[in-house]
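Since the structure comes first, as C-alpha cells, the remarks are kept for the end.
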Amino acid sequence: MRLNIFHIISFFVFLLYQVLILQNVVLFHSAFCFLYILYLLLLPVETNPLLLMGIGFAMGFVVDLFYESLGLHAFACVMVMYARNYWLNSVTPQGGYDNNAVPSMALGGVQWFLVYTMPLIFLHHAMLFYIEAGGFGMFWFTLWKVITSTIFTTLVILIAQFLFPSRRR
Amino acid sequence: MERLIYFFYQYRAFFTFLVLEVLCAWLIISNNSYQGAQFFNSSNSAIASMNNFSQGIRNYFLLSDQNTILAEENASLRRELEKNIQLKQLTDTLSGVDTTIVDRFDFVSAKVVNNQVDRYKNFITISKGANAGITPGMAVISPLGAIGKVKVVSDHYSVVTSILHIDVMVSAELKRTGHFGTAQWKGRNPQEINLLYIPPHVKPEIGDTVITSGYNAVFPPGIMIGTISQKELDKEALFYELKVKLSQDFQKLSYVTVVKSRLKHEQDSLEQAVIKMEK
C-alpha cells in the first residue's frame, strides 16, 4: 500500500497533540506519555524500511525541536523503526498479513496488539531515558521512569485504539 | 565493484539505519554542552510562538497563585523602597558613593512560554530575547528564588538552562554561617536540590536558608535558593549530605526576571587577566 494524504495529515495531528498537550502531561514526575509513537507503529506492514526510518527520523527530529533535546527522540525513533519490521515478522498472527495490512488492534486483537507494541515502546523509552541521563549512572531510577512511562504510553495507545479504531484495510 | 554495490544494495536498510543513527548521535553529542550555542532550539520563532499559545492557556490555571505571589512581591519591594529612601536621606550627606556600583544590576521581566521540570536536563523558554537586551550567560531569577542562566537568544525569545539540570552547579552559601558550598540537582525531585561540599565542622540546621554566593559567575549574591530540609553525615564522610527544598516551585513558574549585570564584563576581564598573569 502506498502512503496517502491521510498519513500526511495524521503525521501533523500526532505531532501537534504530542508537543502542545502531552508535553505537559507527566504523572508522578516519572511517567511520560509519548503517544506520537503510535503513528509510527501504525504505518502499513509493507512500507519500505527506508521510508519507515525516514519518517521515524522526521517525526523524532521535530519532537526534539520542541523538547529541546536535539537528536534524542530521532535516535530512539529510527531504532524503533528499524526493529519494527523484524518484530512484525516474528509476531505474525495466524494466517499472516494481508496486502495493505495495518498493524492495529483490529488486525490481531488486543493481546496480539500488546505483544506487538509493548516491547517496541519499551525499547523506545529505554533509549530515550538512558541517553538523556547520560549513561547508567542513575540506573534504577531511570529504569523506573522507563517502566512507568511504558505502561502509561501503552494505556493511552490502547484508549486511542478503542476510541478511534483504525479501519482494517 | 559490482559485487560491492550489490552488497550495499542488499543491506541498504541496515546501512540507512547506521547512517541515520550516527547522524542522531552526532546531533546529541554536539548539543550536549548546556552552555553551548546551538542552531536548532525552541527559541526559534515558529516553535516558540506555538509554545507561547499553549502556555497562554495553561496560564489561566495559575492566575490566582500568580496574583498572591505578585502581591507579596509588591509589598516586599515597597518595604525595600521605603528603607532605601530613608537610607538615601542619611547617606546623601556623605560624598563619594559610586553610582555605577549602586545600580549595576538591571532587571527585565519576561513571561515563561515553555517550562520543563521532569527531565534530567530541563530548559525554560521565555518571551524576551536579544531585542530586550538579553545575552547568553545572564542570570534568571523569580520573586521566590534562583531559576537559571540564559543559554541562547533569538530576537524575541530566549532559552534558559534551569538549575534543574544535572550538569549545572551553582555556588551557594549558608546564610546563617556564611559557609560556601555547591548546589546541584540530582535529577529526581523537582522540589529539591542537593547542597554539596559543606564540611562537618559547619553545623547546618534543618531550616537554614541557602542563598547564592558572591563567588558566583552567574547570579547576583544573596538570591534565595531554598531551605535545608534534610541533613545526613556519615561517619568518616568528608562532607554533609544536604537536601535543600527549593523556595521556587518550578512547576508553577510563569513570570521570571532576567538580571543584567552591568559590571559583569569588567569583573570577568579582570579575573581573566589575573589568571593569565599566574600562568
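The values are calculated or read from the model by the stated rules, or taken from the named source; none is laboratory data. From a predicted model like this one, the values you see are computed outputs, not experimental measurements. All Cβ positions, even for glycine, are placed from backbone atoms using ideal geometry, and neighbour counts span all protein chains on display. These area figures cover heavy atoms from the full protein model, side chains too; ligands, DNA and RNA do not enter into them. Shrake-Rupley method; radii C 1.70, N 1.55, O 1.52, S 1.80 Å.
Among complete DSSP H helices in chain B, those whose alpha-carbon atoms stretch at least 15 Å along the helix's long axis and whose mean Kyte-Doolittle hydropathy reaches -0.5 are B:12-30, B:45-91.
The B:THR227 and B:MET1 beta-carbon pair, evaluated with R₀ = 56 Å, returns a calculated FRET efficiency of approximately 0.20.
The distance separating the Cα centre of the range B:204-279 from that of the range B:158-197 comes to 6 Å.
Determine the shape class of the protein assembly as shown: with a ≥ b ≥ c the square roots of the Cα gyration tensor eigenvalues, call it rounded for a/c under 1.5, and otherwise prolate if a/b is greater than b/c, oblate otherwise. Since a/c reaches 1.5 and a/b is larger than b/c, the shape of the protein assembly as shown is classed as prolate. Straight-line reach from B:LYS276: which lysines have a Cα under 19 Å away, not including same-chain ones fewer than 8 places off? Reachable lysines: B:LYS264. Each 5 Å bin from 0 upward holds the following percent of the Cα-Cα pairs of the range B:169-249: 3, 17, 30, 27, 16, 5, 1, 0. In chain B, the ratio of gyration radius to Kirkwood radius, Rg to Rh, stands at 1.07 when only Cα atoms are counted. Charge dipole (Cα centre; +1 on Lys/Arg Cβ, -1 on Asp/Glu Cβ; no other charges) of chain B amounts to roughly 360 debye. Approximating the spin labels as points 7 Å out from Cα along Cα→Cβ, the A:ILE147-to-B:TYR197 distance works out to 3.7 nm. Based on protein heavy atoms only, the range B:169-249 ends up with 51 Å² per residue of surface accessible to a 1.4 Å probe. Buried surface for the B/A pair, taken as the accessible area of each chain alone minus that of the pair with a 1.4 Å probe, is close to 3400 Å² in total. Do the alpha carbons of any pairs in B:LYS121/B:LYS186; B:LYS149/B:LYS252; B:LYS186/B:LYS231; B:LYS111/B:LYS252; A:LYS145/B:LYS111 sit beyond 20 Å of each other, and which pairs? Correct reply: A:LYS145/B:LYS111.
Take the Cα coordinates of the range A:5-163, assign each an equal point scatterer, and use the Debye formula without solvent to give log10 I(q)/I(0) at q = 0.16, 0.20 Å⁻¹. Rounded to two decimals, the profile gives -0.90, -1.43.
For B:LYS151, a cut-off of 15 angstrom between C-alpha atoms picks up these aspartates and glutamates, skipping any fewer than 8 places away in its own chain: A:GLU68, B:ASP167. Between A:ASN89 and B:GLU266, the modelled labels are 7.1 nm apart [label points 7 Å from Cα along Cα→Cβ].
To the nearest 10 Å², what's B:THR212's accessible area with a 1.4 Å probe? Here the accessible area works out near 0 Å². With Cα atoms defining each centre, the range B:48-64 and the range B:1-30 are spaced 42 Å apart in the structure. Farthest toward the positive end of the dipole of the protein assembly as shown, out of B:SER171, A:ALA101, B:SER109, is the Cα of A:ALA101, where the dipole comes from beta carbon charges about the Cα centre. Across the range B:153-178, the residues whose backbone nitrogen lies under 20 Å from the label position 7 Å along the beta-carbon direction of B:ILE275 are B:167-172.
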